[in-house]
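Below is one structure; the comments refer to it alone.
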Amino acid sequence: MFMNIDIQNIVQAIIPWAMVHGIKIIAILIGAGIFIRIIKIFIEKAIRKLIKPDQVAKDPEAEKKREDTLIRIFNSTVSVLIWAVAFMMILSEFGINAGPLIAGAGVMGIAIGFGAQYMIRDFLAGLFIMLENQYRVGDVIEIAGIGGKVEDITLRKTVLRDIDGAVHHVPNGEIKVASNKAQEFSRVHLKIGVAYKEDIDRVSSVLNQVCKEMAEDEQWKDSITKTPEVLGIDDFAESSVVIKVLGETLPLKQWEVARELRKRIKIAFDKENIEIPFPQVSVWQRK
C-alpha cells in the first residue's frame, strides 16, 4: 500500500511537469533539428551559388571538393551552436541555472584557445584560402618560401611537391603571401642576349617572326593565348645587349612554351648568323 501511494504520488507529480516542461523540451529538440536542417539546405545552396568556378582551368572535381569542404565546415559550426543553445534551454526547463555553466565554459574556452592558438590560426587561414580561392589542387604556387605543385589542401595545411619530388607540408597559418603561377593565365618571359655589333632592329624582326610562326603552329597555338613579342632592350650587360620578349599562355604552359621558343630562337639565330655572346676574357701580354 505504501509503495502504491509513493508511485501514485510520483506519477501525480510527474504528469503536470511533463505536460508543461516535457512538451517544451520535446518542442525544443524538434525545433532545433528542423532549424538545423533548414540552415544546412540554405548553406549548401548559398555556397554552391556564391563560389565562382575558375573559367580558365575548369576542374569540376576540385571545385566540388572545395565546395563540399566549406559546406561541411559551416554545417558543423552551425549544428554545434544550435545544439548548445537548445541544451541551455532544456537545462532551464529542469530548473538548472545555466549561468555558471556558461561562465565555466567561457573560462575553459579561453584556456583551450591559448593552448591551441596555432591550430586555430591554421584553421582560420585555411578557411580564408578556400573561401577566396587563392589556389587549388594542381596549381603551381610559392608559399612560405617554398615553391611547388599543390597536391592537397585542408583547413590545417597545404601539401606541395617541388620540382625535385620532395613533399612539403606547410601549415596554413605560416602562409603570409601566396604567389599563384597558374591562375587565369601565365606569361612567357624571356631575356635574349645578343652581341653589341648586331643590328637591334634586325634582331627584333627575327625574334618577332619566330614568335609569330610558333603561335600559328598547330601544335602550340592552343597553348599560346597572346603571341610573344619583343618589348625592347631590357639591359646593357657586360658582353651583350639584352632584349625582352613577353607573351601569354594557358596556366602552367609557360615553361614548355618557353623551352620550345628558346630552341627555335637558337636555330633562327644560327641561320641568320646572329651572335649569342658568351663571357670572354682578353689577355694582353706586355712586351
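The values are calculated or read from the model by the stated rules, or taken from the named source; none is laboratory data. Everything quoted here is computed from the prediction, not taken from an experiment. Please note: Cβ atoms are built from the backbone with ideal geometry, for glycine as well, and neighbour counts cover all protein chains shown.
Only one of the numbered conditions (1) of a type in the set (A, V, I, L, M, F, W, C); (2) touching a residue at least 40 places away in the same chain (Cβ under 8 Å); (3) under 26 Å from LYS221 (Cβ atoms) is violated by ILE267, and that is (2). When we screen GLY106, GLY95 for residues that are at pLDDT below 85 and either in a helix (DSSP H, G or I) or under 22 Å from LYS176 (Cα atoms) (or both), the only hit is GLY106. Among the residues of region 248-268, the one identified as in contact with an Asp or Glu (Cβ under 8 Å, 6 or more places away or on another chain) and at pLDDT 95 or above is ARG264. Against the numbered list (1) surrounded by fewer than 13 Cβ atoms within 10 Å (Cβ to Cβ); (2) hydrophobic (A, V, I, L, M, F, W, C); (3) modelled with pLDDT of 85 or more; (4) assigned by TED's automatic domain parsing to the domain that holds ILE23, PHE128 comes up short only at (4).
In region 133-186, of all residues being over 11 Å from the mean Cα position of the chain (by Cα), surrounded by 14 or more Cβ atoms within 10 Å (Cβ to Cβ) and basic (Lys, Arg), the one that is farthest from LEU252 (Cα to Cα) corresponds to ARG156.
Does ALA195 fit the bill of being outside the structural domain of THR249 (by TED's automatic domain parsing) and small (Gly, Ala, Ser)? No; evaluated as a whole, the condition is false for this residue. Screening ASN208 against (1) assigned to a strand (DSSP E or B); (2) surrounded by 13 or more Cβ atoms within 10 Å (Cβ to Cβ); (3) polar (S, T, N, Q) leaves a single unmet condition, (1).
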